[in-house]
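Here's the structure, in structure tokens; my notes come after.
What follows draws every value from the coordinates through simple rules; no lab data is involved. Keep in mind that this is a model prediction, so the values were computed, not measured. We place every Cβ from the backbone using ideal geometry, glycine too, and count neighbours over all the protein chains shown.
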Amino acid sequence: MGSEQRRGIRLVMRIGIVGLGLMGGSLGLDLRALDHEVWGVSRQGTTCDRAVARGAVDRAGTDLTLLRGCDLIFVCTPIALVVPMVSQLRETLGGDPVITDVASVKGSIVGAIADRRFVGGHPMAGTADQGIEAALTGLFRGAAYVVTPTPTTDPAAVLLVEDLARALGSRCYRCDPVEHDQAVALISHGPVWVSAALVMTAAAGDPAGVSLAKNLASTGFASTSRIGGGNPELGLMMAQHNRGAILGMLQRYRQELDHLIADLKGEHWDRLEAYLQQTQEIRPQFVRSLSESI
Ligand code: NAP
């Protein structure tokens, strides 16, 4: 199927989505816009009804057997449920659909699933919101989409997931699951805690000062605090499943803060200026493809 897509003949598939929240709903909106037939399963019947009403899926229900006959299934549940969900899907559905996930950690998930037709995936897109009402069209456009195959993963399954990711407008990357987890600790999972600590610091001063700060806060605080004010369940699961890499990042971050505090105390303005000149130069290498509003 993948090679025909690359030759420019876009195949219409029946795609299943398990977990109709921000990610699952957003995938459904875009996949339906690409003319795929999308069937969804979620935990709550009310979520399924809203997903149909919002146009994220053609049909939805709470029973996994609904996904029989799907060519490919995205597992978009919370991180801790991905491994049991993949084995439940295999047991329930029969056939040989490609199964992929979108979870933010890959090492523990990919290491626990010995299945040639499972492709670990992680679209690097999201918002601070959760649930079906938070689903957005175009969420994956311009974003990186990581796939983490192992030596035993079926190459055709990998190509199929990558073809779909490209059709969503994403840039595809392949890497080792553990290398993925180390990289995202630096630019996503660790910064959640940095940003959360910033929010707590701002809220912890004397009440009058905090009250004034709340009124004065503008775009700078909005962008630096955004991921610290996001979905707590997701932040916690990322920490539980990528603990070592996040700890490493936060320890290095604390060292940076210690150096900055020492330079401020010592009024080493030249050093501090050089530091900011360096960060001004380096930052675009990380965010060049993103809008400045992020
Ligand atoms: P979310 O908005 O909370 O959606 C998760 C959905 O999973 C919920 O709506 C819930 O559906 C459903 N669910 C929970 N238990 C289920 C079960 N047993 N069976 C079927 N469905 C179940 O969370 P999300 O942000 O989309 O995150 C989902 C996945 O995407 C996570 O693995 C996360 O790591 C990954 N991810 C998130 C982001 C981000 O920025 N948010 C970015 C990249 C990847 P009900 O409403 O029916 O209860």
**Request:** Please build a GNM for the chain, connecting alpha carbons under 10 Å apart, and tell me which residue among ASP263, ASP115, ASP71 fluctuates the most.
**Result:** ASP263
**Message:** Is the C-alpha gyration tensor of the stretch 166-211 telling us rounded, prolate or oblate? Criteria: a/c under 1.5 is rounded; beyond that, a/b larger than b/c is prolate, otherwise oblate.
**Reply:** oblate
**Asked** In a GNM of the chain with a 10 Å cut-off on Cα contacts, which of ALA203, ALA128, ALA183 has the highest mean-square fluctuation?
**Response** ALA203
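Compute the Cα gyration tensor for the stretch 1-159, then decide on rounded, prolate or oblate, letting a ≥ b ≥ c be the square roots of its eigenvalues: rounded whenever a/c is under 1.5, prolate when a/b is larger than b/c in the other cases, and oblate in all that remain.
Details: a/c = 1.28, a/b = 1.19, b/c = 1.08.
Note, shape of the stretch 1-159 comes out rounded.
Which value results for Rg/Rh of the stretch 37-78 when Rg is the Cα radius of gyration and Rh the Kirkwood radius based on the inverse mean 1/r? Can you show the working numbers first?
Values: Rg = 9.6 Å, Rh = 10.4 Å.
Computed over Cα atoms, the ratio is 0.92.
Which three semi-axes in whole Å describe the equivalent ellipsoid of the chain, each the square root of 5 times a Cα gyration tensor eigenvalue, listed largest first?
Working: eigenvalues 293, 90, 64 Å².
Result for the chain: semi-axes of 38, 21, 18 Å.
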**Request:** Kindly provide the pair-distance distribution of the stretch 123-198 built from C-alpha pairs, with 5 Å bins from 0 and whole-percent values in order of increasing distance.
**Result:** 3, 14, 19, 20, 21, 15, 6, 2, 1
**Prompt:** For the chain, what are the DSSP H helices with axial Cα length of 15 Å or more and mean Kyte-Doolittle hydropathy of at least -0.5?
**Reply:** 22-33, 82-93, 155-167, 190-203, 243-265
**Prompt:** Which value, in debye to the nearest 20, describes the size of the charge dipole of the stretch 65-212 about its Cα centre when Lys and Arg Cβ atoms bear +1, Asp and Glu Cβ atoms bear -1, and nothing else is charged?
**Reply:** 200 debye
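Using packing as a proxy for protection, rank 238-244, 190-196, 265-271, 227-233 so that the peptide with the highest average count of other Cβ atoms within 10 Å comes first.
Listed from highest to lowest mean packing, they are 190-196, 238-244, 227-233, 265-271.
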**Request:** Take the alpha carbon gyration tensor of the stretch 190-294, find the square roots of its eigenvalues, order them as a ≥ b ≥ c, and report rounded if a/c is under 1.5; if not, report prolate when a/b exceeds b/c, else oblate.
**Result:** rounded
**Request:** Using only Cα atoms, locate the centre of the stretch 18-68 and the centre of the stretch 116-134, then give the distance between them in Å, rounded to an integer.
**Result:** 13 Å
